[in-house]
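The values are calculated or read from the model by the stated rules, or taken from the named source; none is laboratory data. All of these numbers come straight from a predicted model, not from anything done at the bench. Neighbour counts are summed over all protein chains in view; Cβ atoms, including those assigned to glycine, are modelled from backbone coordinates with ideal geometry. What goes into the accessible areas is simple: the full protein's heavy atoms, side chains included, and nothing from ligands, DNA or RNA. Shrake-Rupley method; radii C 1.70, N 1.55, O 1.52, S 1.80 Å.
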Amino acid sequence: MYIALETRVDAYLLRNFNGFNMMFPDHSRPFSTTYKCYSVSMLPGNERQDVENGGKIIMPPSALDQLTRLNVVYPMLFKLTNASINRSTHAGVLEFVADEGKIYIPYWMMHNLLLEEGDMVEIESVSIPVATYSKFQPQSVEFLDITNPKAVLENCLRNFACLTTGDLIAIKYNNTTYELSVLETKPGPAVTIIECDMNVEFAPPVGYTEPERKEKEEEPMTIDPTELMPEPTGFVAFKGEGTRLDGKKKKDNGANDAPQAQRQTYVRGIPDYDHPFGLLRFDRSIRKAEQNDTKPEENKFEEFQGEGFSLKKNRK
C-alpha cells in the first residue's frame, strides 16, 4: 500500500526554513515545549473534519519560528506526551494557525492520552523510521461489512503522518466511525507513513468468532442399486447349457447351484426417500416388446416371399 501525505505550511516560511537548513546542516536541536491541549471542536471558525479524521495537529505560529531557528528536519514529526501518566503518541502538523500557547488535536488522540480540555501536554520534535509493515485490529465486527477494507484504510491514512504501536485510531467511512487498534508496526514502535510502501494486515475484529463447521457423516448404503433394476427379459447371453465335444454329459450341469435371489421390481416415478447421499444411480428402462400376437398372421412380414421382376422386357 502506497501512502502519499502532504502538510500545509506557509510557503514563504517553508522556503526560509529550507534555506536555513542548507546554511547550518549540522546544528539541529530538538524542539521541546509544553502547550495547553484542546480538541478540534474547540477551534474557532468552521468545523474542521479534515483534522478530526486524521492524525495531525494544529500549532501556533510561534512554534514554526522556533522550528526554523532550531533547524528541525522536514517533515516535522512530534511526540506528544501526557507526563502525568507517562503516555505518549506521535503526530504530524497540519497548520500553524492556533492561538499562542494552545494546540488542537483530534479527539481520538486526546482519548489515547487521557487528556481533558485545557490539560498540559509536552511536545517534542522527533525523527522516526519509515513504515514497512503495520497490523490493525478492528474494534467491532461491523468493520467486516466494508467490501475492500485495505483500500478504505489506505484512503483514510492519507490524513495521518505517524503510527504508534498501542494507539487506537479512528477512521470515518460512509458516515460511520470505525476504531482500529495498532497492534504492530515495523521497523519500530513508532513509524512515519509519509510517502512509504507499507504492507498492511488485519487481525480478527474484537468479538468475532469463527463459524463452526459440522462434518457430514457418511450414511451407509441401505439399498443395493442393482436390486432396483428390473430382471431382463428375452434373450440373455451365456445362459444356455454347455455340451462337451466328446459327447459325454456333464455330471450335474449346475443342478446343485443355489438359486439366484429374485430382484425387487423397480417402479419408475416413485422417489426413493432412502436414497443415500452422494450416490449416483443410472437406471435404464427396457422397452416392452411389441405385442404382435394380436395381429393376423397374414400381416406378418416374411422375407424372400415377394414377386420378382426382370429389367429386360420379354419380346413375346
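Does ILE103 meet the test of being modelled with pLDDT of 90 or more, out of contact with any His (no Cβ under 9 Å at 6 or more places or on another chain) and within 23 Å of ILE171 (Cα to Cα)? I'd like the intermediate steps shown before the answer.
Working: modelled with pLDDT of 90 or more: yes; out of contact with any His (no Cβ under 9 Å at 6 or more places or on another chain): yes; within 23 Å of ILE171 (Cα to Cα): yes.
The answer is yes for ILE103.
Only one of THR192, THR176, THR164 is surrounded by fewer than 16 Cβ atoms within 10 Å (Cβ to Cβ) and touching a residue at least 24 places away in the same chain (Cβ under 8 Å); which?
Working: THR192 fails: surrounded by fewer than 16 Cβ atoms within 10 Å (Cβ to Cβ); THR164 fails: surrounded by fewer than 16 Cβ atoms within 10 Å (Cβ to Cβ).
Testing whether each residue is surrounded by fewer than 16 Cβ atoms within 10 Å (Cβ to Cβ) and touching a residue at least 24 places away in the same chain (Cβ under 8 Å) leaves just THR176.
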Conditions: (1) among the aliphatic types (A, V, I, L, M); (2) farther than 27 Å from VAL40 by Cα; (3) modelled with pLDDT of 90 or more. MET120 meets all but one. Number of the miss? (2)
If you go through VAL141, VAL200, VAL130, VAL182, the only one that is farther than 29 Å from LEU43 by Cβ and surrounded by 15 or more Cβ atoms within 10 Å (Cβ to Cβ) is VAL200
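Can you work out which of the residues in the stretch 48-66 that are under 20 Å from GLY118 (Cα atoms) and open to solvent by less than 30 Å² (accessible area, probe 1.4 Å) is modelled with the lowest pLDDT? First the steps, then the outcome.
If we filter the stretch 48-66 for residues that are under 20 Å from GLY118 (Cα atoms), which is where we start, we get 48, 51-52, 55-63.
Next cut, open to solvent by less than 30 Å² (accessible area, probe 1.4 Å) only: 51, 55-60, 63.
Working: VAL51: 81, GLY55: 89, LYS56: 91, ILE57: 92, ILE58: 92, MET59: 93, PRO60: 93, ALA63: 92.
Checked the stretch 48-66; the qualifying residue modelled with the lowest pLDDT is VAL51.
To keep it simple, each residue is scored yes or no on (1) under 40 Å from the mean Cα position of the chain (by Cα); (2) outside any helix (DSSP H, G or I); (3) modelled with pLDDT under 90.
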residue: PHE17; (1), (2), (3): no, no, yes
residue: THR68; (1), (2), (3): no, no, yes
residue: PRO75; (1), (2), (3): yes, yes, yes
residue: LYS79; (1), (2), (3): yes, yes, no
residue: SER88; (1), (2), (3): yes, yes, no
residue: VAL93; (1), (2), (3): yes, yes, no
Odd one out for GLU210, checked against (1) assigned to a loop (DSSP other than H, G, I, E, B); (2) farther than 13 Å from GLY55 by Cα; (3) open to solvent by less than 70 Å² (accessible area, probe 1.4 Å): (3)
The number of residues in the stretch 24-47 that are within 44 Å of the chain's Cα centre (by Cα), at pLDDT below 85 and in a loop (DSSP other than H, G, I, E, B) is 6
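On the given criteria, is VAL97 in the same structural domain as PRO60 (by the TED database), without any contact (Cβ under 8 Å) to a residue 40 or more places away in the chain, closer than 25 Å to PRO60 by Cβ and surrounded by fewer than 22 Cβ atoms within 10 Å (Cβ to Cβ)?
On the way: in the same structural domain as PRO60 (by the TED database): yes; without any contact (Cβ under 8 Å) to a residue 40 or more places away in the chain: yes; closer than 25 Å to PRO60 by Cβ: yes; surrounded by fewer than 22 Cβ atoms within 10 Å (Cβ to Cβ): yes.
Considered against the rule, which asks whether it is in the same structural domain as PRO60 (by the TED database), without any contact (Cβ under 8 Å) to a residue 40 or more places away in the chain, closer than 25 Å to PRO60 by Cβ and surrounded by fewer than 22 Cβ atoms within 10 Å (Cβ to Cβ), VAL97 comes out as yes.
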